[in-house]
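Okay, structure first, notes after.
The values are calculated or read from the model by the stated rules, or taken from the named source; none is laboratory data. None of the values given here were measured: they were computed from a predicted structure. Neighbour counts run over all protein chains shown; Cβ positions are idealised from the backbone, glycine included. We work out accessible area using only protein heavy atoms, side chains counted, and drop any ligands, DNA or RNA first. Shrake-Rupley method; radii C 1.70, N 1.55, O 1.52, S 1.80 Å.
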Amino acid sequence: MRTAHRTCPICDAVCGLRLTLDETGHVTSVKGDPDDPFSKGYICPKGASLGALDEDPDRLRLPMIREGGRWRTVTWEEAFQAVERGLARVADAHGRQALAAYFGNPTFHTMAGPLYRGPLSQALDTPNIYSASTIDQMPKHVACGFMLGNPFAIAVPDLDRTDYLLVLGANPAESHGSLCAAPDFPGRLRALRARGGRLVVVDPRFTRTARLADEHLFIRPGTDAYLLFGIVHTLLSEGLVSPDVEVGGLDELRELGADFPPEAVSAQCGVPADAIRRLARELAAAPTAAVYTRVGTCTSEFGTTTQWLVDVINVLTGNFDRPGGVMFTLPATIGPPSSGPFTTGRWHSRVRGLPEVMGELPVATLADEIETPGEGQVRALITVGGNLALSAPNGPRLGRALRELEFMVSVDPYLNETTRHADVILPPPRITQMPHYDFLLLTVTVRNYSRFSPAISPLQPDQLSEAEIMAKLTLIAAGKGAGADPAALDEEILAGLLQAAPLLGKDPGELRASLEGDSGPERLLDAMLKLGPYGLSLSDLLANPHGIDLGALQPRLAELLATESGRVELAPRQLTCDVARLRARMGERPPQTLLIGRRQLRSNNSWLHNVRNLVGGSNRCTLHINPADVARLGLRDRAVIRSAAGELLADIEATESIMPGVVSLPHGWGHDGGAQRVAAEHAGVNANALTDEFVVDPLSGNAVFNAVPVTLARWDGEPPHAPRRPADELDRSGAAQPG
Ligand SMILES: Nc1nc2c(c(=O)[nH]1)N[C@H]1C(S)=C(S)[C@@H](COP(=O)(O)OP(=O)(O)OC[C@H]3O[C@@H](n4cnc5c(=O)[nH]c(N)nc54)[C@H](O)[C@@H]3O)O[C@H]1N2
Ligand SMILES: Nc1nc2c(c(=O)[nH]1)N[C@H]1C(S)=C(S)[C@@H](COP(=O)(O)OP(=O)(O)OC[C@H]3O[C@@H](n4cnc5c(=O)[nH]c(N)nc54)[C@H](O)[C@@H]3O)O[C@H]1N2
Ligand code: SF4
Ligand SMILES: [Mo]
């Protein structure tokens, strides 16, 4: 028996875990690490299932090539040669624009993702780069990009010190937080109230987070921008404004806000006018206060406007970059170099003309790019850690489009609804076989903190690390061939990093000579730590296996602010230009029923449903609906749900926790075509069969998953199609035993 410590890589909460393993490397228990100074022993049911997830017998162990409907296990050499041939065939015949890549959510949670995603995208040299950002948080980057000049300057609520927290469109008691890394988020919310603070939640559902709150307000989905403008209007008209950072655009903001008095916006969002005024006054009067919002408002039609107004309120009430308000983390590793003024639209998508944002095009238009003939049509796709058929708007259409590709390669541990369309699957090793450092999540922690987790079990001779897989793909895309050595790429990345050394008063040669680590990524981490603000090193982190607390957040806006004016811009025209659309919608009659999503405690997007103790019970794919709507529509156990994009048959679950006129389906279900045996038994339906890829937030191109107009009809018959069995034949000889 031995004990190992590591950070949980599943969600954004970065909890420290304590694993017990037997002599074969089998995980016998997973507990919270009580000695982690940040998570202090907290663990959720997903973290506790890390062993089962790690040892899932359906995880792929070796690369596979699809020949028609059959999968064959191959050597890595054979797999990379097939990738080289596949990509070259497409690029030679159709040019490099015919190549595309999608980087999914887990690439934000591995070491390899942040390190190699940029180089791989560059090597592909195509406008067609896509990522989970445009089905998640792109509106936040755009809002920060134009307000602060820096799309990575994302302020987090100072959870442990604030006196007042307003949460809109986030359910951290169930999601454990996002763009705000805070282990035991629910405990931190309880502590806020225990110290006399106030928590207010605005959500179309009475969520688990709402249960922890002093006050919950229902809001009509998709209308948060109105509510927030009502708050801005009140702050400005009642003279409750006390920004303590230098701001520009106050007059423009006042002018824009004039059209959104509480009475007018109340009719739109369903929050009473007095409540809007009271929220504004409370936010202004509280000794410290923070407004926090996430997926519920990011993935909506006014996603960017909403993110912008949230920080406008944080600034106007004097809570920006200030203890107890919203603040910026100071991570232990150096960040990306700043790259000129923030702009969007440096190129546009071919079919729908949607603007590039942060070097990417919107996932919402990937199917168009694959299906529409003509020069620049996407014909080859690399996916890394993504399950687009379930997670993209109108996922089923995208799933069908994947079949039209001439070549597809997926870096993924599972044969699932998306990777089944690949020609080659390259599986990363098990979680416990990978070293772990959260390059991205540690930039949004609510305390400054750092922790490195070395691999617990060694790679077997027939396995490659995810870093080596991504480095190989990069070298292939760069034309260096399937045989090129991944170490060559690490050298290139290191050389780029070391360029920053002289500016930081360090000697590049000495730094290079001092680097430690068992692998390329570890050496790169060591360099990034040594160049970082605390002067830490990999060996410091190894000597502190429970993590290092680097203190409470400190004001640091001045270092991050990169606007031309040197001020926080409250009304940049690149953001205010969408206000006319918001104004024009005022007074429009909303559709009778709106669909929203929800996250479930024991899920994580699409990929945890193959772990038996995480599915079943409360973790079922059901349509939440208010009993009044059940009665009004005469529904029974199941309902047919229709939208502009498609239709579904779902089990209904009547609950007072959702407001009348709103229904909710969780996403990530609809497991009907992979080789995940447990998930297939708990298939559920694909919520993204209903979401409409043609509706996006125009400023960011982000997909819209909330406030989707739907109609409901009673269903008494049999399911329209019997649940399908895993479709593709899988040669399990190579896939069945985990490494
Ligand atoms: N258990 C679990 N944890 C997860 C995940 C998971 O799938 N399961 N996924 C991870 C990922 S990828 C992310 S990005 C984060 C997301 O973390 P959160 O943003 O906290 O995600 P949700 O739980 O979906 O919360 C969104 C809330 O918005 C509400 N909502 C919907 N529409 C509207 C609206 O128009 N206005 C308002 N005000 N509210 C609205 C929904 O009812 C829901 O309660 O969670 C991460 N953690
Ligand atoms: N309707 C609706 N749709 C949504 C959302 C919503 O709220 N509502 N939320 C959106 C959000 S916030 C997100 S982030 C996206 C997520 O959508 P995606 O980016 O598609 O991510 P997942 O669905 O989590 O799929 C993860 C994939 O990565 C694989 N994987 C797991 N671990 C690893 C690993 O270590 N390495 C690699 N290479 N692969 C791995 C899994 O097998 C799976 O295929 O979904 C979005 N879709
Ligand atoms: S809250 Fe997130 S990080 Fe913490 S144990 Fe659960 S899944 Fe892992
Ligand atoms: Mo996400």
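State whether the residues of segment 444-462 include one that is under 25 Å from Tyr102 (Cα atoms) and in the same structural domain as Gln122 (by TED's automatic domain parsing). Working first, answer last.
First pass over segment 444-462, keeping only residues under 25 Å from Tyr102 (Cα atoms): 444.
Among the residues that remain, those that are also in the same structural domain as Gln122 (by TED's automatic domain parsing) are: none.
Within segment 444-462, none of the residues are under 25 Å from Tyr102 (Cα atoms) and in the same structural domain as Gln122 (by TED's automatic domain parsing).
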Of the numbered conditions (1) open to solvent by less than 20 Å² (accessible area, probe 1.4 Å); (2) touching a residue at least 40 places away in the same chain (Cβ under 8 Å), Asn626 satisfies every one except a single condition; which is it? (2)
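I'd like to know if segment 393-402 contains one or more residues that are surrounded by 17 or more Cβ atoms within 10 Å (Cβ to Cβ), more than 16 Å from ligand 1 (Cβ to nearest atom) and assigned to a loop (DSSP other than H, G, I, E, B).
Checked segment 393-402: at least one residue is surrounded by 17 or more Cβ atoms within 10 Å (Cβ to Cβ), more than 16 Å from ligand 1 (Cβ to nearest atom) and assigned to a loop (DSSP other than H, G, I, E, B).
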For Arg612, only one of the following conditions fails: (1) open to solvent by 70 Å² or more (accessible area, probe 1.4 Å); (2) within 16 Å of ligand 1 (Cβ to nearest atom); (3) touching a helix residue (DSSP H, G or I) at 6+ places or on another chain (Cβ under 8 Å); (4) over 30 Å from Phe146 (Cβ atoms). What is its number? (2)
Gly196: passes all of (1) in a helix (DSSP H, G or I); (2) out of contact with any strand residue (DSSP E or B) (no Cβ under 9 Å at 6 or more places or on another chain) but (1)
Could you please find all residues in segment 171-187 being buried (at least 21 other Cβ atoms within 10 Å of the Cβ), more than 8 Å from ligand 1 (Cβ to nearest atom) and not hydrophobic (A, V, I, L, M, F, W, C)? Pro183, Asp184
Among Arg636, Arg581, Arg602, Arg589, the single one that is of a type outside the set (Phe, Trp, Tyr), away from ligand 4 (no atom under 16 Å from the Cβ) and outside any loop (DSSP other than H, G, I, E, B) is Arg581
Among the candidates Leu635, Leu648, single out the residue that is in contact (Cβ under 8 Å) with a residue 24 or more places away in the chain and either open to solvent by 20 Å² or more (accessible area, probe 1.4 Å) or among the basic types (Lys, Arg) (or both). Leu648
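Which residues, taken from segment 644-672, are part of a loop (DSSP other than H, G, I, E, B) and touching a Leu at 6+ places or on another chain (Cβ under 9 Å)? Full working, then the answer.
We begin by selecting, within segment 644-672, every residue part of a loop (DSSP other than H, G, I, E, B); these are 644-646, 655-657, 659-661, 665-672.
Within segment 644-672, Ala644, Ala645, Gly646, Gly661, Leu665, His667, Gly668, Trp669, Gly670, His671 meet the criteria.
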Residue by residue through segment 673-715, note down the ones that are aliphatic (A, V, I, L, M), more than 13 Å from ligand 1 (Cβ to nearest atom) and not in a loop (DSSP other than H, G, I, E, B). Val678, Ala679, Ala680, Ala689, Val696, Leu712, Ala713
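Residues Thr162, Thr134, Thr110: which one is assigned to a loop (DSSP other than H, G, I, E, B), within 14 Å of ligand 2 (Cβ to nearest atom), surrounded by 21 or more Cβ atoms within 10 Å (Cβ to Cβ) and not small (Gly, Ala, Ser)? Walk me through it before giving the result.
On the way: Thr162 fails: within 14 Å of ligand 2 (Cβ to nearest atom); Thr134 fails: assigned to a loop (DSSP other than H, G, I, E, B).
Matching residue, one of Thr162, Thr134, Thr110: Thr110.
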Can Val611 be described as more than 16 Å from ligand 4 (Cβ to nearest atom), among the β-branched types (Val, Ile, Thr) and out of contact with any Asp or Glu (no Cβ under 8 Å at 6 or more places or on another chain)? no
Scan segment 661-673 for residues that are away from ligand 2 (no atom under 11 Å from the Cβ) and either surrounded by fewer than 20 Cβ atoms within 10 Å (Cβ to Cβ) or on the phi > 0 side of the Ramachandran plot (or both) and jot them down. Gly661
What's the total number of residues in segment 208-236 that are touching a residue at least 24 places away in the same chain (Cβ under 8 Å) and either within 16 Å of ligand 3 (Cβ to nearest atom) or open to solvent by 30 Å² or more (accessible area, probe 1.4 Å) (or both)? 7
Condition first: assigned by TED's automatic domain parsing to the domain that holds Leu250 and in contact with a Pro (Cβ under 6 Å, 6 or more places away or on another chain). Can you find one or more residues in segment 320-327 that meet it? yes
Identify, by number, the condition in (1) more than 16 Å from ligand 2 (Cβ to nearest atom); (2) in contact with an Asp or Glu (Cβ under 6 Å, 6 or more places away or on another chain) that Gln676 doesn't meet. (1)
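Residues that are of a type in the set (A, V, I, L, M): find the helices (runs of 4 or more DSSP H) completely inside segment 250-336 holding 2 or more of those. If you could, list the steps in order and put the result at the bottom.
Working: elements: 250-257, 262-269, 273-285, 295-298, 303-316.
Once the helices (runs of 4 or more DSSP H) in segment 250-336 are filtered for at least 2 residues that are of a type in the set (A, V, I, L, M), what remains is 250-257, 262-269, 273-285, 303-316.
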